[in-house]
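Here is the structure we will look at, set down as structure tokens.
The values are calculated or read from the model by the stated rules, or taken from the named source; none is laboratory data. If you're wondering where the values come from, they're calculated on a predicted model, not measured in any experiment. Positions of Cβ are generated from backbone atoms using ideal geometry, with glycine treated the same way; all protein chains shown enter the neighbour counts.
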Amino acid sequence: MNNKKNNMDIIDAEYGVDSRYKSKKERELDGAALMEARLQRMKKLSKDQIIRAKLLQLKLQMEDYLKKPVYDKYNYFSEFVGTYVDIIYSKRSNFAKDIEITPVMLSQVINNHREPKDEFMLRLMIHSEMAYKNVCNFHKKTWYQVYFHEKICDTMSNQDTWRPEVEKHVTISEFINE
């Protein structure tokens with residue numbers, strides 16, 4: 001009998017170790033009640049509270065991205081910029097207006113049709129400092145770190161493409177002896 005209980009703990013590991021529940025149905029009902037309570041609480045949040053929570057979530061996602069050696073072809077920088085703009089603005093063109101760039105340029109950066117210019121990066125940095133001022137500490141170098149982390153990862157993950165051609169142009173004419 002004791003063996004059966006241990007076996008059930010392994011099967012239902014997603015519920016954690018909680019002896020209050022007598023059955024799987026009881027756990028599911030309690031989970032549904034908790035979710036409903038969370039939804040009711042979320043409905044009472046103001047628009048500003050939701051924006052602050054989303055900005056904090058974005059900051060944490062960016063920091064998490066910077067900690068990982070990511071070697072894939074996904075465009076994190078443009079995704080983060082798009083998310084940032086969408087959190088604060090109902091229209092992306094309003095963000096473009098606020099940092100005095102064209103909506104077309106913003107769209108091209110977000111959709112990876114254009115690399116962001118220094119002017120864009122500097123304005124994004126200052127805008128973020130202002131937006132995060134009453135939310136949390138947002139380091140001004142974060143956007144640059146995300147952008148260059150992506151560039152480094154992209155370069156390293158695409159060595160098979162660029163390295164053979166580049167190696168043809170590199171030689172060492174003088175060696176360093178031990």
| Residue in segment 19-53 that is modelled with the highest pLDDT, counting only those that are farther than 30 Å from PHE138 by Cβ and in a loop (DSSP other than H, G, I, E, B) | SER23
| What is the number of the single condition among (1) over 26 Å from MET105 (Cα atoms); (2) outside any loop (DSSP other than H, G, I, E, B); (3) at pLDDT 75 or above; (4) not polar (S, T, N, Q) that PRO69 does not meet? | (2)
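Considering each of GLU100, GLU119 in turn, give the residue that is in contact with a helix residue (DSSP H, G or I) (Cβ under 9 Å, 6 or more places away or on another chain) and over 13 Å from PHE77 (Cα atoms). Steps first, please.
Working: GLU119 fails: in contact with a helix residue (DSSP H, G or I) (Cβ under 9 Å, 6 or more places away or on another chain).
The conditions single out GLU100.
If you take the residues of segment 122-168 that are small (Gly, Ala, Ser) and surrounded by 16 or more Cβ atoms within 10 Å (Cβ to Cβ), which of them is nearest to MET62 (Cα to Cα)?
In the first step, residues of segment 122-168 are kept if they are small (Gly, Ala, Ser); the result is 128, 131, 157.
So of that shortlist, the ones also surrounded by 16 or more Cβ atoms within 10 Å (Cβ to Cβ) come out as 128, 131.
Numbers: SER128: 13, ALA131: 16 Å.
That would be SER128.
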| Only one of (1) in the same structural domain as ALA53 (by TED's automatic domain parsing); (2) at pLDDT below 95 is not met by VAL85, so which one is it? | (2)
| query | If the Cβ limit is 7 Å and pairs must be 6+ apart or interchain, which residue in segment 61-75 that is within 18 Å of ASN112 (Cα to Cα) pairs with which residue that is surrounded by 11 or more Cβ atoms within 10 Å (Cβ to Cβ) and modelled with pLDDT under 75? | reply | none
| Subset of segment 106-120 [part of a helix (DSSP H, G or I) and surrounded by fewer than 15 Cβ atoms within 10 Å (Cβ to Cβ)] | ASP118, GLU119
| task | Provide a single number: the residues in segment 131-170 that are of a type in the set (Val, Ile, Thr) and either modelled with pLDDT under 85 or under 30 Å from LYS54 (Cα atoms) (or both). | result | 5
| task | Could you pull out the residue among GLU100, GLU63, GLU79 that is surrounded by fewer than 12 Cβ atoms within 10 Å (Cβ to Cβ) and at pLDDT 90 or above? | result | GLU100
